[in-house]
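Only the coordinates and a few stated rules stand behind these numbers; no lab work does. A quick note: this is a predicted structure, and the numbers were derived from the prediction, not measured. Using ideal geometry, Cβ is built from the backbone for each residue, glycine included, and neighbour counts are taken over all protein chains shown.
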Amino acid sequence: MSEEILTGLILAGGLARRMGGGDKGLRPFMGKPLVAHAIERLAPQVDFLLINANQNSEAYARFGYPVIADAVSGFAGPLAGLHAGLLAAKTPLLVTAPCDSPFLPLDLVSRLHGGLLAAAADLAVAKTGEQPHPVFSLVRREVLQSLSEFLASGGRKIDLWYSALKVVEVPFADEAAFANINTPEELDRLESR
């Protein structure tokens, strides 16, 4: 855990269209819901944890953490979840991880935090090889106004929004740690590995 107080946010607010609908975070994987894996890996790295969900909030609340819905309508994607998290968080820093990444790094927060401080950045994003993973990011609460304005203008793409900020990409070696499960086929394949 970093020396700064920070909040973790599990992003589970999507419609899971590629999964065939339903609620992806609640899909069983290796004996428990997908979101439970993400919680187990992220919770020890943060001081507070929130779950962003726009449906089945009672089911998510059973995991013992506050559940927050998007403040903007229309299932506007991960940025809307980040926005909701920034509105709800009381800490200067917020780290995000998706509910469908059951192997997220156990040193995600410390590595992102180190990169953020070293670069005096607004936002730190995980990266493997040439591939950034913007849903694995650590942001300062000060970006809330910028994000609110971007969403109000109809913006939805994470990388387009943060291109106006000071961003540092933090390299991680293990690409498999960032595997996310979007389809029933991916769920089956990772379950059997």
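Exposure proxy shown here: for Thr128, Thr96, the number of other Cβ atoms within 10 Å sets the order, fewest to most, as Thr128, Thr96.
Qualifying GluC sites (Glu not before Pro) in region 106-170, where qualification requires a DSSP coil assignment and no more than 12 other C-beta atoms within 10 Å, comprise Glu130. Cβ-to-Cβ counts within 10 Å put Arg62, Arg111 in ascending order as Arg62, Arg111, the fewest first. Residues within the reach of a label modelled at Lys90 (point 7 angstrom out along Cα to beta-carbon, backbone nitrogen below 14 Å), restricted to region 48-75, are 48-50, 66. Across region 72-79, rounded Karplus estimates of 3J(HN,Hα) from the backbone phi angles (6.51 cos²θ - 1.76 cosθ + 1.60, θ = phi - 60°) give 9, 7, x, 6, 7, x, x, 5 Hz, Gly and Pro being marked x. Legend: calculated FRET efficiency, Lys166 to Ser57, from the Cβ-Cβ distance at R0 = 41 Å, rounded to 0.05, equals 0.75. May I ask which residue of Leu160, Asn54, Leu108 lies farthest towards the positive end of the charge dipole of the chain, with charges of +1 (Lys, Arg) and -1 (Asp, Glu) on Cβ and the Cα centre as origin? Going by the Cα projections, it comes out as Asn54.
With Cα atoms defining each centre, region 61-120 and region 135-168 are spaced 13 Å apart in the structure. Where both bridge residues fall in the chain, DSSP classifies roughly 40% of the beta bridges as antiparallel. Seen through its C-alpha gyration tensor, with square-root eigenvalues sorted a ≥ b ≥ c, the chain comes out rounded because a/c lies under 1.5.
When Asp159, Asp122, Asp23, Asp100 are sorted by how many other C-beta atoms sit within 10 angstrom of their C-beta, beginning with the fewest, the order is Asp159, Asp122, Asp23, Asp100.
Placing unit charges on the Cβ atoms only, positive for Lys and Arg and negative for Asp and Glu, gives the chain a dipole magnitude near 280 debye about its Cα centre.
Compute the relative contact order of the chain as a whole-number percentage, counting only Cα pairs closer than 8 Å that sit 6 or more residues apart in sequence. Contact order relative to length: 25 percent. Binning the alpha carbon pair distances of region 87-166 at 5 angstrom intervals from zero yields the distribution 3, 13, 25, 27, 20, 10, 2, 0, expressed in whole percent. Comparing Gly25, Gly114, Gly64 in a Gaussian network model of the chain where C-alpha atoms under 10 Å apart are linked, the largest mean-square fluctuation is found at Gly64.
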